[in-house]
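Values quoted throughout were computed directly from the atomic coordinates according to the rules given, and no laboratory measurement underlies them. Small disclaimer: the values here were computed from a predicted structure and weren't measured. So basically every Cβ, Gly included, is an ideal-geometry build from the backbone, and we count neighbours across all protein chains shown.
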Amino acid sequence: MKSLLSWIMRHRARRLTRRLAVHFPSSGRIADIGSGTGHNAQIWRQQPGLTVDEFDVADLHWVGDGPTLFDGSVIPAPEAGYDVATLLFVLQYPADPLSLLREAKRISKGRVIVLQSTYEGTWGRFWLRLRGFVWGSLAFRLARWMRVIPPQDCPLDTRRIFSHPELRTLFAQAGLTIHSWEPQEWHGLNVSRDLYRLEAISPDLTYRSSFPPAMKSVG
Ligand SMILES: C[S@@+](CC[C@H](N)C(=O)[O-])C[C@H]1O[C@@H](n2cnc3c(N)ncnc32)[C@H](O)[C@@H]1O
């Protein structure tokens with residue numbers, strides 16, 4: 001059972017990385033905020049030249065050395081210390097997602113990558129809530145029961161779910177503009193796993209020009 005779960009997590013991390021890699025620099029520093037099991041960071045570190053630091057409010061790591069823990073408000077990292085900050089399926093949990101986004105912006109040189117599930121309508125809301133339960137508190141309890149993570153309280157109780165317009169508003173409030181947006185819809189469920197590449201609203205133009213162009217730009 002444990003090796004099946006490990007295989008699923010590795011497979012998921014590889015799939016996610018295929019979507020994300022085009023938005024990463026070929027070399028530099030990445031801050032993975034809400035790093036979870038550590039499988040994503042483990043794959044990213046395989047690219048020579050990339051350094052990945054993990055930050056989380058709980059230690060859920062199965063692989064790697066585990067995250068630097070923080071209290072959910074101030075990330076213990078210097079301003080502009082990273083080329084990219086990532087928040088993958090995290091924003092539904094914090095009490096104050098706006099502050100967390102601002103922190104991600106503060107520690108990055110301008111680029112923040114967000115992967116977040118969004119819903120449309122009542123049907124989508126239902127499926128996203130159900131999915132959040134299965135991949136959140138249910139998965140956590142299973143991992144804790146199997147002792148692949150240390151005993152601890154569950155940090156995965158969903159506080160909110162987002163529609164795309166709600167996320168756009170949150171990004172704007174955080175001072176981030178959407179450089180590109182790639183929805184990935186679950187057809188028939190009205191749920192999408194959206195990849196957003198965000199940039200600080202007044203980015204350093206020299207920095208931006210050192211990266212490859214986005215796949216799809218959003219006005
Ligand atoms: C669903 S897991 C996603 C883990 C990983 N990003 C991934 O996609 O595999 C959500 C993560 O967000 C973290 N988290 C919850 N509240 C947080 C907060 N306020 N600040 C940062 N991370 C938080 C959890 O501890 C957990 O590691």
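Here the sum of -39500 (n - 2.57) over DSSP H runs of 4 or more residues, divided by the residues of the chain, equals -9500 deg cm²/dmol at 222 nm, to the nearest 500.
Only four residue types carry charge here, +1 at the Cβ of Lys and Arg and -1 at the Cβ of Asp and Glu. Report the dipole size of the chain about the Cα centre in Debye, rounded to the nearest 20.
Its charge dipole is roughly 700 debye.
Of the beta bridges in the chain, as assigned by DSSP with both residues counted there, near 45 percent are antiparallel. With both labels modelled 7 Å from their Cα along Cα-to-Cβ, the ALA21 to SER99 distance reads 3.7 nm.
If the segment from ARG160 to ARG45 were pulled out straight at 0.36 nm per residue, it would be longer than the present Cα-Cα gap by 38.3 nm. Note: the chain, Cα convex hull, 122 Å³ per residue. Cα centroid separation, region 154-181 to region 1-46: 21 Å.
Work out how much length GLU120 to LEU4 would gain on full extension: take 0.36 nm times their residue separation and subtract the Cα-Cα distance, in nm to one decimal.
Extending this stretch completely gives an extra 38.5 nm.
Residue by residue, region 121-137 carries 3J(HN,Hα) couplings of x, 5, 4, x, 4, 4, 5, 5, 4, 5, 4, x, 5, 5, 7, x, 5 Hz when phi is fed to the Karplus relation 6.51 cos²θ - 1.76 cosθ + 1.60 (θ = phi - 60°); x denotes Gly or Pro.
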